[in-house]
Amino acid sequence: MSIIVTKFGGSSLASGSQMEKVKNILMSDRNRHYVVPSAPGKRFDGDSKVTDLLLKLNQDIEFGGDYMSVFEEITERFVSIKEELGLDIDIEARLKDFLNELLNGAGAEYSASRGEYFNGLLLASYLGWDFIDAKDVIKFDKRGKYSEEVSLPLLRKELKKHEYAVIPGFYGSLPDGRIHTFPRGGSDISGAIVAAGCSADLYENWTDVSGFLMADPRIVKNPKSIDFVTYRELRELSYMGAQVLHEDSIFPVYNAAIPINVRNTNDPSAKWTMIVPMIEHEEDRKGITGIAGKKNFTIISIEKNGMNSELGFGRKVLSCIEKYGVSFEHMPSGIDTLCVVLQDSSIEDTLHDLVDDIHRICKPDSIEVFSNIALIATVGRGMIRQIGTAATIFGALAEAKINIRMIDQGSSEMNIIVGVGNNDFDRAIRSIYEAFIRQMDE
Ligand code: ASP
């Protein structure tokens, strides 16, 4: 027998009919033992997420707004799910108690957490599964940092008592018992924690998309989907802004080396993406995993004759940057040159002072500053064995007449990053993507 932990996002649980789909998915594989729900999300364009309504409710209470109309809207969302599914649970009374708690100062985090809590109660009643309150098993320390040492033993003990259970996402409790939430979107983290807590064989993350795409569909038309991606590739892609699960949200399963399957609630048989610790026996793997990028970087390019033999030169440059509380993104270097890539937003007001400091302290021959740079990462675990990956990228950019301002290959040989002008960003991504697809189809 294997154990699968499932997490369903807000749009998968936004209405009674969505919950029916969730039930069918859960019942179709009895290895799916634990489910972590989000709060009801948007049912259609322009609809509200219940978490947003709950935050507004608390704000209206604290600042004297018309809180009753928001409360009614929230009540309507939960009651309509209850009625659509014909559930026998007094959700109305629980909601009224909750409003009183808020009126007595329970606060924003408590309010926000109730979206998952009430949705979890409804789902548990619909499935006939046990309900485990996340406040009893997911714990934060007194500074609000998630505590794995406290949570995992608690979860392990509790989950053993339940064959099938619902554990609401997004929140847990502080040592004094008060409710504390993860950052927005944090049900992904809760799901990963529950998966780690029962040493699951698989963590399924059900959303409204069919896995991850190789490139941003707003830039590339109908990009291919990614079937397998390693945690490290995911980290590179999410850092570069790809629409994938954020690495911060999956650290609990990462640490436990549990694979994650990203699937579509609205189309369970559609393509999916599997995120795995590593993949063996892929010697003949062709092509890349994905392309992602971000705009608005500045490159400070420093030149000094004999830089390679000057002891402490790099340290001096970096300490100038550190003085301004800025962290650098990349640092490609040559014999007599060194480039530091910084986010525009981190040096908006300090660029001139920073360059002056580098001049004064490091005494370079010249410093050039290039702004409005976009970074594009081509990521693929196969690169390390493949000949010609860099040639394909540079060939594609040359063919599209795009000037490359910077090149950086990560030491893991899993990604190649190029810097191009912000205004070449979309074209560069499209040409790199198309060049690799042509090769992979050959
Ligand atoms: N409901 C929370 C939010 O909207 C958490 C989540 O859905 O993951 O951010």
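The values are calculated or read from the model by the stated rules, or taken from the named source; none is laboratory data. This is a predicted model, so every value here is computed, not measured. Every residue, glycine among them, receives a Cβ derived from its backbone with ideal geometry; neighbour counts consider all protein chains shown.
Considering each residue of region 94-119, count those that are away from the ligand (no atom under 15 Å from the Cβ) and either closer than 16 Å to Gly16 by Cβ or in a helix (DSSP H, G or I) (or both), and give that number. Qualifying residue count, region 94-119: 10. Taking the listed residues Ser80, Ser48, the one that is of a type in the set (Ser, Thr, Tyr) and within 22 Å of Ile167 (Cα to Cα) is Ser80, with no other qualifying. Name every residue in region 35-75 that is in contact (Cβ under 8 Å) with a residue 40 or more places away in the chain, within 16 Å of the ligand (Cβ to nearest atom) and touching a Leu at 6+ places or on another chain (Cβ under 8 Å), in order of residue number. Hits for region 35-75 are Val35, Pro37, Ser38, Ala39, Pro40, Leu57, Asn58.
Among the residues making up region 41-75, those that are more than 18 Å from Leu102 (Cα to Cα) and either loosely packed, with under 15 Cβ neighbours inside 10 Å or touching a strand residue (DSSP E or B) at 6+ places or on another chain (Cβ under 8 Å) (or both) are Phe44, Asp45, Gly46, Asp47. Flag set for Val36, criterion: β-branched (Val, Ile, Thr) and within 21 Å of Leu245 (Cβ to Cβ).
Identification of strands (runs of 3 or more DSSP E) wholly contained in region 120-230 with 1 or more residues that are of a type outside the set (Phe, Trp, Tyr), away from the ligand (no atom under 16 Å from the Cβ) and in contact (Cβ under 8 Å) with a residue 60 or more places away in the chain yields 202-207, 228-230.
Let's see how each residue does on (1) buried (at least 17 other Cβ atoms within 10 Å of the Cβ); (2) in contact (Cβ under 8 Å) with a residue 60 or more places away in the chain; (3) not in a loop (DSSP other than H, G, I, E, B):
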site: Ala391; (1), (2), (3): no, no, yes
site: Asn403; (1), (2), (3): no, no, no
site: Ile417; (1), (2), (3): yes, yes, yes
site: Asp426; (1), (2), (3): no, yes, yes
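Among the polar types (S, T, N, Q), within 12 Å of the ligand (Cβ to nearest atom) and touching a residue at least 12 places away in the same chain (Cβ under 8 Å): is that true of Thr6 in this structure? No, not satisfied. Any idea which of Leu338, Leu318 is part of a helix (DSSP H, G or I) and either out of contact with any Phe, Trp or Tyr (no Cβ under 8 Å at 6 or more places or on another chain) or of a type in the set (A, V, I, L, M) (or both)? After ruling out the rest, the residue left standing is Leu318. Check Gly410 against each of (1) buried (at least 21 other Cβ atoms within 10 Å of the Cβ); (2) under 19 Å from Ser238 (Cβ atoms); (3) at pLDDT below 95 and name the one condition it does not meet. Result: Gly410 fails condition (1) only.
Of all residues in region 290-306, those being out of contact with any Pro (no Cβ under 8 Å at 6 or more places or on another chain), buried (at least 16 other Cβ atoms within 10 Å of the Cβ) and more than 30 Å from Asp426 (Cα to Cα) number 0.
Only one of the numbered conditions (1) of a type outside the set (D, E, K, R); (2) surrounded by 15 or more Cβ atoms within 10 Å (Cβ to Cβ); (3) at pLDDT 90 or above is violated by Ala270, and that is (2).
Does region 278-290 include one or more residues that are within 23 Å of Ile416 (Cβ to Cβ) and without any contact (Cβ under 8 Å) to a residue 40 or more places away in the chain? Within region 278-290, one or more residues are within 23 Å of Ile416 (Cβ to Cβ) and without any contact (Cβ under 8 Å) to a residue 40 or more places away in the chain. Scanning region 193-225 for residues that are at pLDDT 95 or above and in contact with a Phe, Trp or Tyr (Cβ under 6 Å, 6 or more places away or on another chain) yields Val194, Ala195, Trp206, Ala215, Val220. Scanning region 231-267 for residues that are surrounded by fewer than 19 Cβ atoms within 10 Å (Cβ to Cβ), more than 13 Å from the chain's Cα centre (by Cα) and outside any helix (DSSP H, G or I) gives Ala257, Pro259, Asn261, Asn264, Asn266, Asp267.
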